[in-house]
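Colleague: Mind having a look at this structure? Questions to follow.
The values are calculated or read from the model by the stated rules, or taken from the named source; none is laboratory data. Quantities reported herein were computed from a predicted structural model and do not represent experimental measurements. Heads up, the Cβs are rebuilt from the backbone with ideal geometry, glycines too, and the neighbour counts pull from every protein chain shown. When the accessible area is computed, the model is the full protein with side chains, heavy atoms only, and any ligands, DNA or RNA have been set aside. Shrake-Rupley method; radii C 1.70, N 1.55, O 1.52, S 1.80 Å.
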Amino acid sequence: TTAILIILTTVLANAQVMVTEDIDYIADSVYNNNKDFLDIYMPEYIKNVPVIVYFHGGALLEGNKSWGKDIGYKVAESGIGLISVNYRLSPGFQHPTHLNDVAAATAWVINNIEAYGGNPQKVYVAGHSAGAYLAALLAIDFSVLQAQNIEQSKIKGAILISPFLYVEETAKVRIERDPIYKTIWGNEPQSWKEASVTPHILPDRDNILLIYADKDEDWRKEQNERFASAMVAVGNLQVFTEEVPNRTHVTIVTAIMDDDDRIVNLINDFVRKE
């Protein structure tokens, strides 16, 4: 009943986008703060649309699915569905809990999105910052979705907005700055490398778009470009980078409703290119 009321309210407020909030993607568990809930943003009266499973940023320490509201509305208005996902956070939970949660959410979408107008054969994973890191691992570490009984081929591609990628570098710097980061990947360099993209830069992991801001920090830009080059070098020819002007690491997603936004057009071009 709640979902129906929410849908009706949303339809009245915005005739183009249908929103269904607070769907429990792990129905047999109860997580604090609804960390196993997701929201669905779909174009109204259109069926069989591509869908993007989106993971918020926040350094794996903060954030929630409401952070995907603006991008959800704008993507849905463009004719593509977006699902914004909650997942458990550190310091209460350590890697790979965050990753396993977003994998479970992705599995739920693949198994259920047709009932909401989505095409389960056109599912993409995406995120911002830490969420983009999680999306990257979903796209290239095949064991993660296999644990959810989902074939890797069910993921059509990945859209990574300003991710960090090389945990063996990022964790070291962040732990030196604040010990709370030990709660994410531990304190051992071997654990950092295992949580990184590094072991999974392999063939047959194609169709990835990396987007970063012109005012992102240099180290983050370098990680994005290095990852793309490394993926292409092993044979993944459909891996691209795009730098977005007049944006910071934060405003690349918080200014998505602004007239000069480029993110949604980049997403559309990427998803609809086939």
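Colleague: Can you tell me the accessible area per residue over segment 61-122, all protein chains present, probe 1.4 angstrom, in square angstrom?
Modeller: Using a 1.4 Å probe on heavy atoms only, each residue of segment 61-122 averages 36 Å².
Colleague: A further question on this structure: Skipping prolines and chain starts, which residues have an amide H placed within reach, meaning under 5 Å, of the one on Val17, given they are 5 or more residues away or on another chain?
Modeller: Correct list: Glu44.
Colleague: Could I ask something else about it? Determine the percent antiparallel among the DSSP beta bridges restricted to the chain, to the nearest 5. Spell out each step's value before the answer.
Modeller: On the way: 10 of 37 bridges.
Of all bridge pairs located within the chain, approximately 25 percent are antiparallel.
Colleague: Classify segment 12-153 as rounded, prolate or oblate, taking a ≥ b ≥ c as the square roots of the eigenvalues of its Cα gyration tensor: rounded when a/c is under 1.5, otherwise prolate if a/b is larger than b/c and oblate if not.
Modeller: Details: a/c = 1.70, a/b = 1.36, b/c = 1.25.
Verdict is prolate for segment 12-153.
Colleague: On a 0 to 90 degree scale, rounded to 10, what angle separates helix 167-177 from the longest Cα axis of the chain?
Modeller: Helix 167-177 and the main axis of the chain meet at about 80 degrees.
Colleague: For helix 130-140, report the angle its Cα long axis makes with the longest principal axis of the Cα atoms of the chain; keep it between 0 and 90° and round to the nearest 10°.
Modeller: 90 degrees
Colleague: Sticking with this structure for a sec: Counting heavy atoms of the protein chains only and a 1.4 Å probe, report the per residue accessible area for segment 167-274 as a whole number of Å². Write down the numbers at each step before the final one.
Modeller: Working: 5520 Å² over 108 residues.
Here the per-residue accessible area is 51 Å².
Colleague: DSSP loop GluC sites (Glu not before Pro) in segment 120-183 with at most 16 other Cβ atoms within 10 Å of their Cβ, which ones?
Modeller: Working: sites: Glu151, Glu168, Glu169, Glu176; in loops: Glu151.
Taking segment 120-183 and a limit of 16 other Cβ atoms within 10 Å, the loop GluC sites (Glu not before Pro) found are Glu151.
Colleague: Using a 7 Å offset from the Cα along the Cα-to-Cβ direction at both Asn48 and Glu62, what is the distance between the two label points in nm, to one decimal?
Modeller: 4.5 nm
Colleague: Could you sort Trp185, Trp219, Trp67 by their accessible area in this structure, using a 1.4 Å probe and putting the largest first? Show your work: numbers first, answer last.
Modeller: Values: Trp185 10, Trp219 85, Trp67 130 Å².
Greatest to least solvent exposure: Trp67, Trp219, Trp185.
Colleague: Right, here's the next one. If I model a spin label at Gln121 and Met257 as a point 7 Å from the Cα along the Cα→Cβ vector, what separation in nanometres do I get?
Modeller: 3.6 nm
Colleague: Could you list, in their original order, any pairs among Lys69/Lys172; Lys74/Lys273; Lys35/Lys273; Lys154/Lys182; Lys122/Lys172 whose Cα atoms are separated by more than 27 Å? Before the final figure, lay out the partial values.
Modeller: Details: Lys69/Lys172 32 Å; Lys74/Lys273 19 Å; Lys35/Lys273 33 Å; Lys154/Lys182 33 Å; Lys122/Lys172 37 Å.
Correct reply: Lys69/Lys172; Lys35/Lys273; Lys154/Lys182; Lys122/Lys172.
Colleague: Now, a different point. Within the accessible area of the chain, what % is carbon and sulfur when the probe is 1.4 Å and the other protein chains stay in place? Write down the numbers at each step before the final one.
Modeller: Numbers: 5950 of 11850 Å².
On the chain, the fraction of accessible area on carbon and sulfur atoms equals 50 percent.
Colleague: So how far apart, in nm, are the two label points at Asn265 and Thr241 if each is 7 Å from Cα heading toward Cβ?
Modeller: 2.2 nm
Colleague: For the chain, what is the calculated [θ] at 222 nm in deg cm²/dmol (nearest 500), taking -39500 (n - 2.57) for each run of four or more DSSP H residues and dividing by its residue count? Numbers along the way, then the final one.
Modeller: On the way: 11 runs with 103 residues, N = 274.
Here the helix-only value at 222 nm equals -11000 deg cm²/dmol.
Colleague: Let me ask something else. ³J(HN,Hα) across segment 251-263 via Karplus (A = 6.51, B = -1.76, C = 1.60, θ = phi - 60°), whole Hz, x for Gly/Pro?
Modeller: Result, ordered by residue: 6, 4, 10, 6, 9, 5, 8, 6, 4, 8, 4, 10, 4 Hz.
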